[in-house]
1. Take the residues in region 79-106 that are in a strand (DSSP E or B) and touching a residue at least 40 places away in the same chain (Cβ under 8 Å), then tell me which one is surrounded by the fewest Cβ atoms within 10 Å (Cβ to Cβ).
2. So residue 21 fits all but one of (1) surrounded by 12 or more Cβ atoms within 10 Å (Cβ to Cβ); (2) at pLDDT 90 or above; what number is the exception?
3. I'd like to verify a number: residues in region 8-29 that are farther than 18 Å from residue 96 by Cβ and either in contact with a helix residue (DSSP H, G or I) (Cβ under 9 Å, 6 or more places away or on another chain) or free of Cβ contacts under 8 Å to residues at least 60 places away in the same chain (or both), how many?
4. Out of all the residues in region 11-29, which are farther than 17 Å from residue 95 by Cα and assigned to a strand (DSSP E or B)?
C-alpha cells in the first residue's frame, strides 16, 4: 500500500461527498489513536454535531434539546478510516453507502 500524507488542517471544513455526489456534511473532526508511539487516524466526524463536538458544546446542546423536547434529527456521521476516499483531499468521498455510516447522535 502506498504511503500518503495529507495535512489535516486542509481537510477540516471540506464537504464530504456520498457515492451519488451529494454532500453529507463538512469534515469537522479527526479521531486518532496512539499506537507504539505513532498516531493513526481511526475515524472522521462529519456534520453539525461534529462541529459542536469540536467546539466542546455538544453536551450543552443535547441537554437543551432534551429540555425543550426538540425532535431528534440526523446531526452527523462517524466515518471509519477505510470508508473515506482521500485520493483527492480537496474532494473527500465516501467509499460506502451513507446507510452504512454510524450516526454521531442517536
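The values are calculated or read from the model by the stated rules, or taken from the named source; none is laboratory data. All of these numbers come straight from a predicted model, not from anything done at the bench. Quick reminder, even Gly has a Cβ in these numbers, built from the backbone with ideal geometry, and neighbours come from all protein chains shown.
1. That would be 93.
2. Condition not satisfied by residue 21: (1).
3. 7
4. 28, 29
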